[in-house]
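The values are calculated or read from the model by the stated rules, or taken from the named source; none is laboratory data. For clarity, every value in this text was computed on a predicted model and none was experimentally measured. Here the Cβ positions follow ideal geometry from the backbone for every residue, glycine too, while neighbour counts run over all protein chains shown. These accessible areas exclude ligands, DNA and RNA; they are computed on the full protein's heavy atoms, side chains included. Shrake-Rupley method; radii C 1.70, N 1.55, O 1.52, S 1.80 Å.
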Amino acid sequence: MRLNIQKRAFGLMMMALLFVGSSLAQITPPERYLNFRIGEDRKLADWSQITGYLRQLAGESDRIEITEIGKSSEGRTMIMAIISAPKNLRRQAAIREAMRKLADPRKLNNAEKERILNTMPAVVLLNCSIHSTEIGASQFSMELAYRMAWGQDEETLEILNNVVILLIPSPNPDGIDLVVDWYRKSVGKPHEGLAPPKLYQKYAGHDNNRDWYMLNLPETRAVTRVLYQQWFPQIVYDLHQMGRTSARMVIPPFYEVTNPEIDPLILRQIMLIGGHMATALSAAGVKGVATEAIYDMWWHGGFRTAPYFHNMVGLLTEAASAWIATPDTVRKENLRGGRRGLGDVKKFQTNLPEPWPGGVWRLRDIIDMEHITVRSVLTLAAKHRRMWLENFHLMGQRALEKGRKEAPAAFVVPLQQHDPASARKMLEILIAQGVEVQQAKRPFVADGHHFDAGTFVISCEQPFRANVVALLNPQFYPERRRYPGGPLENPYDMTGWTLNYQMGVDVIRIQNWFEFKGEVLNRVSAWPVTQELAANPAYYVVHSGSNDAYRAVNRLLAKNVEVLWNTESVLDGDRRVAPGQFLIAGTAEHLKKLRQAVRGLTVEIGTVQQPAAFEALSLSQPRIGLYRGWVPNMDEGWTRYVLEDFEFPYRNISDADVRAGNLIDQFDVIILPSMRDSLIINGFRYQPGKRTYPKEYCGGIGEVGVRNLQAFVENGGTLLCFGQACDLPIKSFWLKIQNVVAKKRQFSAPGSILRVLVNQSHPLAFGMPREANIFFRSNPVFRTMEGTPILTYPMAKPLMSGWLQGDSLLYGQAAMTEVRQGDGRIVLYGFRPQHRAQTHGTYKLVFNGLYLSRAVQTRAGVVATTDE
């Protein structure tokens, strides 16, 4: 009997093994699907191939599911592969709910916490190739998924049982297709391996990894939902590539500048993972691996940095690039360091103990390194599953405790706002990234201030407290110099980004604990604004303080409604309408169109009944030209985004268009986004015999284009110049304007927020408050010997957030000025007024310049109110 049982058991075991073997044989390896090996020289999979393979794999394996997480800017489907043991995939809803509760300790009692810690897997999110020229990780994602679907070794099974892997093959599918298509066409030609001469994300290009607190892009919003509303991963790993001639890979831990709002446990856990990665790479014989270099933990808005402020471990590796998929031969003498934390990469350093000697570098090398580092992270997550979950919960508890005991206690957003539309948007952004926003049900008092019912309150007693404080408190970057007494060491990105300062929103910091009764919001459905829409006034007045007013005006202009812009006060009995408002004649037909125009907008509307005569500008849709040369320019992309967001029709102008001339016949206003004047004039350089772009992509507007721009202005056109582009008219049009910080080593403002005073009487500044904040990053500062200053720096303390050295050079100088030339005007913005579509507080300065370009002076007063 015993023998029969043993025979039966043996037979069952053999059947099981045969079944497993049969199942594994049905799993298609990527090389069979693609007809080439992943990482093979000059071979790349495009988005349809990547997603097609992953979907096929999900159909063949019970360890993988595919979920669609959103649509890209160009409409492609974004996917995420969920990889784990079948038992975990079957209980996804329970795992997500458990992670949500761990993220917010207020939702857990001790017994339930222990149950989760004992039974639930850790969650790790892997993000590949957000920058699509950094192509390796998107290709690697297919091979990783295959190995997890196929592997039967003990380590793989341990990972599957103890970890849920969220694999995003790329959050930028549009860029993957652009790069792959361009690369395939370039093979065998002089430009093989060069990046496309176009932004690889429709609006942001490389800045798609700078959008993680602003959430402008649909791709960012899709992944943000995964991070902070659905899965709450404990580890977020973002795989990148860097330049070709430095270390072979930079891994954690990161360079020593760290934001103090980040929980120290995050730093300790990053050190743990970085050490494990470094050991694994070294054991595999990989040379040229650096730690504690280049990339820091100060700035908030990146894919791996935003999670720090949500108690998540954010990881970044940066592998050396090839020429996309073409091998690169790097000679030892051409290797260089010099960036933060890295000296000569040819020599031994404590944080680079095994220098790479140079040689041939391939796409396959990148993929092989990424297998090692990803496996390292997944192994640690699996072996210490309980630790990651427990620490995630603990950091939420610490945040709550800190919120109860330390200042600030809260941030209050009053209902009375200069720009209620931007205030509403700011709150919606915060809610989308998991911040708890409440609305007071009754009046309350905090720090001696009296607030009305309906006021918005952001308490710091919440699990994501660090995110609240890091976005709404000013930042002050630590002084770090390259050597004692030397220049400031450049930060990795911005030094100051305070959200309410950038957006022009009034936020009150409350130091002390207070009591109030509030309702937690899922969204800000409306903002209480006055809208007088009674029939038959002389005029309806759309108040220009709200950015939404410009959307409304554009909708009205598109329907051929005449809009007046009063350049002096409008007197209506005892009432006074300040200059710079938008007035529409009070007919029944206009009322109908106005109601349609303001639907869904946050904008105040008043009326004028019997106005005295007043001076005004009659507006019509300006013909807008936005310069876009062959050199990809993120500032141009963000300008497009803002124009489209606020419904301004525009047309891109190419280098050839500018060289062709006759610009005044086509445009009322031309925008030069921030870009060095040399790049605008010269573009890419054609270099026969070298790796070079084809001739049709080389050369900028040239000197003939410069003369055509000047002729455009002299013939009545308006030229708006942002940031670095101001140098072009200053130098080439011989303006009597001096950049007082040019080549001044004692001046530095590397991505800071500065205070300016506003010339409110000028139409370019209509709708602006008396004081405003601008985002400044290595831009010009104007001493004006002609023209009219619009924004001026105060005579003391212009720094609001970030870092500023040499502030006395700013005192009394202009940040923005208008210069008349011939029949036209040049508007110089010594900053980026639309920077990354974040600086809502300075948008009006651009919009006003657009309207002014086509505005016609008129005199208005009492009008008939009967329909025509």
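Picking from residues in segment 53-87 that are in contact with a strand residue (DSSP E or B) (Cβ under 6 Å, 6 or more places away or on another chain) and assigned to a helix (DSSP H, G or I), the one that is surrounded by the fewest Cβ atoms within 10 Å (Cβ to Cβ) is Arg55.
Scanning segment 472-483 turns up one or more residues that are out of contact with any strand residue (DSSP E or B) (no Cβ under 8 Å at 6 or more places or on another chain) and in contact (Cβ under 8 Å) with a residue 40 or more places away in the chain. Is it the case that Val360 is surrounded by 18 or more Cβ atoms within 10 Å (Cβ to Cβ) and among the hydrophobic types (A, V, I, L, M, F, W, C)? Taking the combined requirement at face value, the residue does not satisfy it.
If you go through segment 447-502 and keep only what is in a strand (DSSP E or B), open to solvent by less than 20 Å² (accessible area, probe 1.4 Å) and more than 20 Å from His840 (Cα to Cα), you end up with Phe451, Val457, Ile458, Leu488.
Each row is one residue, and each column tells you yes or no for (1) assigned to a helix (DSSP H, G or I); (2) more than 30 Å from Ile508 (Cβ to Cβ); (3) more than 28 Å from the chain's Cα centre (by Cα); (4) without any contact (Cβ under 8 Å) to a residue 12 or more places away in the chain.
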| residue | (1), (2), (3), (4) |
| --- | --- |
| Trp356 | no, yes, yes, no |
| Arg364 | yes, yes, yes, no |
| Ile372 | yes, yes, yes, no |
| Phe392 | yes, yes, no, no |
| Met395 | yes, no, no, no |
| Gly403 | yes, no, no, no |
| Pro408 | no, no, no, no |
| His418 | no, no, no, no |
| Ser422 | yes, no, no, no |
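Residues that are open to solvent by less than 40 Å² (accessible area, probe 1.4 Å), over 24 Å from Gly767 (Cα atoms) and among the aliphatic types (A, V, I, L, M) number at least 1 in the following helices (runs of 4 or more DSSP H) confined to segment 585-674: 655-660. Within segment 42-52, the residues that satisfy the criterion of being out of contact with any strand residue (DSSP E or B) (no Cβ under 7 Å at 6 or more places or on another chain) and in a loop (DSSP other than H, G, I, E, B) are Lys43, Leu44, Ala45, Asp46. Within segment 790-812, the set of residues being open to solvent by less than 10 Å² (accessible area, probe 1.4 Å) and either in contact with a Gly (Cβ under 6 Å, 6 or more places away or on another chain) or assigned to a loop (DSSP other than H, G, I, E, B) (or both) comprises Tyr793, Pro798, Ser801, Gly802, Leu810. Here Gly689 meets the list (1) at pLDDT 95 or above; (2) open to solvent by 10 Å² or more (accessible area, probe 1.4 Å) almost entirely, failing just condition (1). For segment 522-568, a residue qualifies if it is touching a helix residue (DSSP H, G or I) at 6+ places or on another chain (Cβ under 8 Å), over 18 Å from Ala423 (Cβ atoms) and not hydrophobic (A, V, I, L, M, F, W, C), and the qualifying residues are Asn536, Tyr540, Arg555, Lys559, Thr567.
Applying the selection to segment 301-334, what residues are under 17 Å from Arg465 (Cα atoms) and of a type in the set (Ser, Thr, Tyr)? Answer for segment 301-334, where residues must be under 17 Å from Arg465 (Cα atoms) and of a type in the set (Ser, Thr, Tyr): Thr305, Tyr308.
Okay, residues lined up against (1) open to solvent by 10 Å² or more (accessible area, probe 1.4 Å); (2) in contact with a helix residue (DSSP H, G or I) (Cβ under 8 Å, 6 or more places away or on another chain); (3) within 26 Å of Arg221 (Cα to Cα):
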position	(1), (2), (3)
Met395	no, yes, yes
Val412	no, no, yes
Arg424	yes, no, yes
Leu427	no, no, yes
Phe444	yes, no, no
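Restricting segment 290-343 to residues that are within 14 Å of Arg248 (Cβ to Cβ) and basic (Lys, Arg) leaves a set whose member that is least open to solvent (accessible area, probe 1.4 Å) is Lys332.
Counting only residues that are closer than 30 Å to Gly338 by Cα and of a type outside the set (Phe, Trp, Tyr), segment 486-510 holds 10 of them.
When restricted to residues that are more than 19 Å from Ser132 (Cα to Cα), in contact with a Phe, Trp or Tyr (Cβ under 9 Å, 6 or more places away or on another chain) and modelled with pLDDT of 95 or more, segment 5-60 contains 8. Being surrounded by fewer than 21 Cβ atoms within 10 Å (Cβ to Cβ) and either over 33 Å from the mean Cα position of the chain (by Cα) or among the polar types (S, T, N, Q) (or both) is a property that Gln581 lacks.
Among what's in segment 813-854 and is β-branched (Val, Ile, Thr) and part of a strand (DSSP E or B), pick the residue that is nearest to Val741 (Cα to Cα). Per the criteria, the residue is Thr817. A single entry from Arg555, Arg509 fulfils the requirement of being more than 27 Å from the chain's Cα centre (by Cα) and open to solvent by 10 Å² or more (accessible area, probe 1.4 Å): Arg555.
Can you confirm whether segment 92-112 contains a residue that is touching a Pro at 6+ places or on another chain (Cβ under 8 Å), more than 18 Å from Pro463 (Cβ to Cβ) and of a type outside the set (D, E, K, R)? The answer is yes; a qualifying residue exists.
When residues in segment 88-111 are screened for being without any contact (Cβ under 8 Å) to a residue 40 or more places away in the chain, of a type outside the set (S, T, N, Q) and open to solvent by 40 Å² or more (accessible area, probe 1.4 Å), 8 of them pass. Scanning segment 243-262 for residues that are among the aliphatic types (A, V, I, L, M) and closer than 27 Å to Gly403 by Cα returns Val257, Ile262. Looking only at residues in segment 714-760 that are part of a loop (DSSP other than H, G, I, E, B), of a type outside the set (A, V, I, L, M, F, W, C) and modelled with pLDDT under 95, the one that is surrounded by the most Cβ atoms within 10 Å (Cβ to Cβ) is Lys744.
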